[in-house]
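This report concerns only the one structure given below.
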Amino acid sequence: MNTMTIAIDGPAAAGKSTVAKKVAEKLSFIYVDTGAMYRALTWKALKEGISLEDEQRLVTLLGSSDLNLVQSEQGQRVILDHQDVSEEIRTAEVTNQVSIVAKHKEVREEMVQRQQQLVKDKGIVMDGRDIGTHVLPNAEVKIFMIASVEERAQRRHKENMEKGFPSDLHQLMEEIRKRDEIDSNRATAPLVKAEDAIEVDTTSMGINEVVDRILEIVHEKS
Ligand code: C5P
């Protein structure tokens, strides 16, 4: 049980990271947010003025980047070239462009390798878009989390309002739709439910309900 791997995939803003973090906490497993890695590369490329369509330059940039996910008291921090970029990678500028970076085959190959290296002999909960299909195809538990676009936009909107960030519900809905479309239609490792994944529709579920459902699935499999 303490070396089990749990893959959680699904579309943007489905609550994967919140749920994955809680599941990891309950099981004393390590949580790995793979989206943060694509976000960090996007943030660095934007900062350095590198075109997000330039696959070769992005691969070179990633190759020369020291990218670490560090567990701290404030949760997982994203450390890029010794700088904590955990907040910077969550801006709308990065969110709305990260899918362009994530569609490149060679970028994904390098990311997948790095993600697989994070799995050692400990229990792990990893979330993303291709975890059950490509990163951890042998994961003991695979969850595919979905929710309606309206519900996902509402949740993000509420979160923004609580943080005092400007937020427009219709714009959020459009942005989420667009990101899903790019992630689902890219040629390499598109967002798709693994054949052996269990789908959990969280549209009318609370966070704790989803966490309990996943823990139930984990216990059934262990
Ligand atoms: O999970 P999050 O929304 O932070 O992911 C940001 C973006 O990174 C996704 O929209 C997707 O384009 C990309 N991603 C991916 N594969 C993963 C994780 C994230 O393509 N495993």
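The values are calculated or read from the model by the stated rules, or taken from the named source; none is laboratory data. What you are looking at is a predicted structure, and each value in this text was computed from that prediction instead of being measured. Neighbour counts run over all protein chains shown; Cβ positions are idealised from the backbone, glycine included. These accessible areas exclude ligands, DNA and RNA; they are computed on the full protein's heavy atoms, side chains included. Shrake-Rupley method; radii C 1.70, N 1.55, O 1.52, S 1.80 Å.
Couple of notes before you dig in:
- The chain - accessible surface per residue (Å², probe 1.4 Å): 50 Å²
- Stokes-Einstein diffusion of the chain at 20 °C, 1.002 mPa s viscosity, Kirkwood radius from Cα pairs, rounded to a whole number: 121 µm²/s.
- Summary: within the chain, the longest segment free of trypsin sites (Lys or Arg not before Pro) located in DSSP loops with at most 14 other C-beta atoms within 10 Å is 1-119.
- Neighbour cut-off at most 10 other Cβ (10 Å), DSSP loop, GluC sites (Glu not before Pro), the range 30-130: Glu48, Glu73, Glu87
- The chain - percent of accessible surface contributed by carbon and sulfur, probe 1.4 Å: 48 percent
- Spin-label pair Val149/Lys26, simplified geometry with 7 Å Cα→Cβ offset, distance in nm: 3.1 nm
- Filter on Lys16/Lys221; Lys163/Lys193; Lys47/Lys120; Lys120/Lys142; Lys105/Lys142 - keep pairs with C-alpha separation over 30 Å: Lys163/Lys193; Lys47/Lys120
- What separates the Cα centres of the range 146-201 and the range 78-119 is a distance of 18 Å.
- Length added when fully stretched, Gln113-Glu140, from 0.36 nm per residue minus Cα-Cα: 7.8 nm
- Pairwise FRET efficiency - His82 versus Glu195, Cβ, R0 = 45 Å, nearest 0.05: 0.65
- Stretchable slack from Ile207 to Ala92, in nm (0.36 nm times residue separation minus alpha-carbon distance): 39.0 nm
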